[in-house]
Amino acid sequence: MSSTQTEFTPVELALGLLEFPSLDGLTEEQVRGFTCIWDGDEKPLAEETAVALGERHKAHPRGCPEHVSHAAMEALFAHCMKDCEVCGRTEETIKDGAVQEPSCEIGVTLRRLVLRRGLR
């Protein structure tokens, strides 16, 4: 008997932590990724600045850099302060003679979303 297990990348896992509005209340433009999922009154998203948020329930939402950064900050706080044992550690480790802060790839990805306002 074989089991199928889907492995997700740190980026997919980090994007999955972002709090999205209910898809039921969104416009078709938001669901299809033409306008920001958090603000449907915005002008259409520019291809070079829009942040793809992955597929969710057959929708392909995207966000503007400002809203993605805000949602990532909330997810980062919850991840590092509540959910992740690695990110929540305060002790330092020494690796190859250098001090390494404890972190995980999901935490790093969320920080990039906050700082870069998207994964560019």
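Tabulated data for the structure shown
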item: FRET E, pair E105, E48, Förster distance 30 Å, beta-carbon r, rounded to 0.05; result: 0.70
item: Simple label model, 7 Å out from Cα along Cβ direction - F8 to L115, nm; result: 2.3 nm
item: Most to least accessible of I37, I106 (protein chains only, probe 1.4 Å); result: I106, I37
item: Extension gain (nm, one decimal) between T27 and R56, 0.36 nm per residue minus Cα-Cα; result: 9.0 nm
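The values are calculated or read from the model by the stated rules, or taken from the named source; none is laboratory data. Since the model is a prediction, treat every value here as computed from it, not as a measurement. Glycine also receives a Cβ, built like all others from the backbone with ideal geometry; neighbour counts cover every protein chain displayed. What goes into the accessible areas is simple: the full protein's heavy atoms, side chains included, and nothing from ligands, DNA or RNA. Shrake-Rupley method; radii C 1.70, N 1.55, O 1.52, S 1.80 Å.
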